[in-house]
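One structure is given here, and the rest of the page talks about it.
The values are calculated or read from the model by the stated rules, or taken from the named source; none is laboratory data. The shown structure was predicted, so the numbers you read here are calculated from the model rather than taken from an experiment. All Cβ positions, glycine included, derive from the backbone under ideal geometry; neighbour counts span all protein chains shown. Note: accessible area is taken over every heavy atom of the protein model, side chains too, but ligands, DNA and RNA are not part of it. Shrake-Rupley method; radii C 1.70, N 1.55, O 1.52, S 1.80 Å.
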Amino acid sequence: MKPSSFSRAGLLTALGLALVTPAAAQSGEEYEQAPIRYTATAPKDAITKIEARLQSGDLKLEGDDRTKMLRLLRELDIPVESQVIVFAKTSFQRERIKPSTPRAIFFNDDIYLGWVPGGLFEVASMDPELGPIFYGFDPHEETVPNKARFGRDEDCLRCHGGQFVRGIPSVFVRSVHSDESGDPLLKFGSEVVDHRTPFNERWGGWYVTGHHGQALHRGNVFVREQKGELVADLTKGANITNLAPFFDLRPHLTDTSDIVALMVMEHQLATHNALTRAAFAARRMMHYQQSVQRDLKEEVTAEPTYDSVRRVIENSAQDVVDHLLFKDEAALPEGGIQGSPAFREMFQKRGQRTAAGKSLRDLDLKHRLFRNRCSYLIDSPQFTALPRPLRERIYQRLARALHPTEPDPRYAYLPADERARIVAVLRATHRGLPADWLAN
């Protein structure tokens, strides 16, 4: 896509983002129709609250870009330690991005915030019912009464509206082959990364700090084409702990692009998408069923009664549980990975713990990413807002997967002691479990 086709407010196209007109979005995607009405529905995400505070004067973002970014991170409760850095020109700010001036991304459980020093702030904020909402913020503009500072721009949907993750507004990381100027050599393909992506296919176009033994990934390396083939020395990008040789660190907020933070973010993005996809499917099918029931003068029910509706909701529940329980997770390198102590400590402190000190945020990093393989996003507002029939079936499938003596064979990779730990954490910390969950 040509740079001139990108407008002000996309997001993270390496965390993947770009463009479509509202009219095209309205007619081209099912989520623009009833009952979702993505573009026409006012969001209720964290940025709407920040925007209201800016408009009222309760919040002022003052100073230079760096100072404004630090204040915004504090207001949104996004830790600086979450910083990861991408140098591929896969954002609408591609003219600013190159290996010597890369883009930083910060995140918490619900928000992703991107920034090229000197450029715009880019935000993807998870709405409990709509999924990701995309905003642009120009730190160089002055606050004007009745003018939004965070502009919601559906242009972002050209990539984030179904091009790379079909059928939903989505957030994602791409691994691309980037040359020394940051241009991706797209003829050689790219990967949309999730927990199943092999280690050696990750982080093309990204900077990566941390140790990972003898295994190689695509980060920290520039590629070139020679006689129709990709040429790259991946050993040059291995086990990097200092990014200073690559670019000037001073404009950035910290000096890492942590390997563990990257893997945590990739898990989050894929799970957010699974929740969005399942919620939209369940709402559409219940809307369809109730419309037919009204047309046929049948009793309008809040439960799925048609076989086709039940099948879709059951399949959606299975997809969510697969993501929550890290089904088909790719192996870590032999010996595991080691990232920044600052990110690890920050991330683990943010979770609720049992009386015995266990949490869904406990990292493993030797054999797998998490010690207890059930995603902490089960505690997210997006999970809580799932349609009740879908959420009930997710709990039922989780109960079968985590049963102490007769677990679902689909999740046979979870040993008995890990299942017991997950159950203990959920019972102690998760609000919303049915009273009789896993009673037998």
Please list, ordered by first then second residue, the pairs with beta carbon atoms under 6 Å, 6 or more apart or interchain, first in the range 186-204 and over 16 Å from Ala215 (Cα atoms), second outside any helix (DSSP H, G or I) and of a type in the set (Asp, Glu). His195/Glu329; Arg196/Asp328
Tabulated pairs, the range 47-70, first farther than 17 Å from Ile133 by Cβ, second of a type in the set (Val, Ile, Thr) and surrounded by 17 or more Cβ atoms within 10 Å (Cβ to Cβ), C-beta under 7 angstrom, 6+ apart or interchain: Leu59/Ile50
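Here is a yes/no grid of residues against (1) hydroxyl-bearing (Ser, Thr, Tyr); (2) within 25 Å of Arg166 (Cβ to Cβ); (3) out of contact with any Ser or Thr (no Cβ under 9 Å at 6 or more places or on another chain):
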residue	(1), (2), (3)
Thr39	yes, yes, yes
Asp64	no, no, yes
Pro99	no, no, no
Asn108	no, no, no
Can you tell me which residues in the range 308-356 are assigned to a helix (DSSP H, G or I) and of a type in the set (Asp, Glu)? Glu314, Asp319, Asp322, Glu345
Among the residues of the range 57-76, write down those that are more than 19 Å from Ser257 (Cα to Cα) and either open to solvent by 70 Å² or more (accessible area, probe 1.4 Å) or among the aromatic types (Phe, Trp, Tyr) (or both). Asp58, Lys60, Glu62, Asp64, Arg71, Arg74
Quick one: is Gly339 open to solvent by 40 Å² or more (accessible area, probe 1.4 Å) and at pLDDT 95 or above? no
Looking only at the range 348-374, which residues are of a type in the set (A, V, I, L, M, F, W, C) and under 14 Å from Ala424 (Cβ atoms)? Ala355, Ala356, Leu360, Cys374
Of everything in the range 256-310, what is in contact (Cβ under 8 Å) with a residue 24 or more places away in the chain, of a type in the set (Asp, Glu) and open to solvent by 20 Å² or more (accessible area, probe 1.4 Å)? Give them in sequence order. Glu303
Please enumerate the residues belonging to the range 102-131 that are open to solvent by 30 Å² or more (accessible area, probe 1.4 Å) and at pLDDT 95 or above. Asp109, Asp110, Pro128, Glu129
Within the range 404-411, is even one residue open to solvent by less than 30 Å² (accessible area, probe 1.4 Å) and in a helix (DSSP H, G or I)? yes
So Leu390 passes all but one of these: (1) over 18 Å from the mean Cα position of the chain (by Cα); (2) within 19 Å of Asn200 (Cα to Cα). Which condition number does it fail? (2)
Give the range 215-250 a look and list any residue that's modelled with pLDDT of 95 or more and touching a helix residue (DSSP H, G or I) at 6+ places or on another chain (Cβ under 7 Å), or say none. Ala215, Leu216, His217, Arg218, Gly219, Asn220, Val221
Pairs, please: C-beta under 7 Å, at least 6 apart or cross-chain, first residue β-branched (Val, Ile, Thr) and in the range 166-181, second part of a strand (DSSP E or B)? Ile168/Gly131; Val171/Tyr112; Val171/Ala124; Val171/Pro132; Val173/Val193; Val176/Pro184; Val176/Ser190
Need a quick list: strands (runs of 3 or more DSSP E) entirely within the range 134-251 having at least 3 residues that are under 24 Å from Gly118 (Cα atoms). 150-152
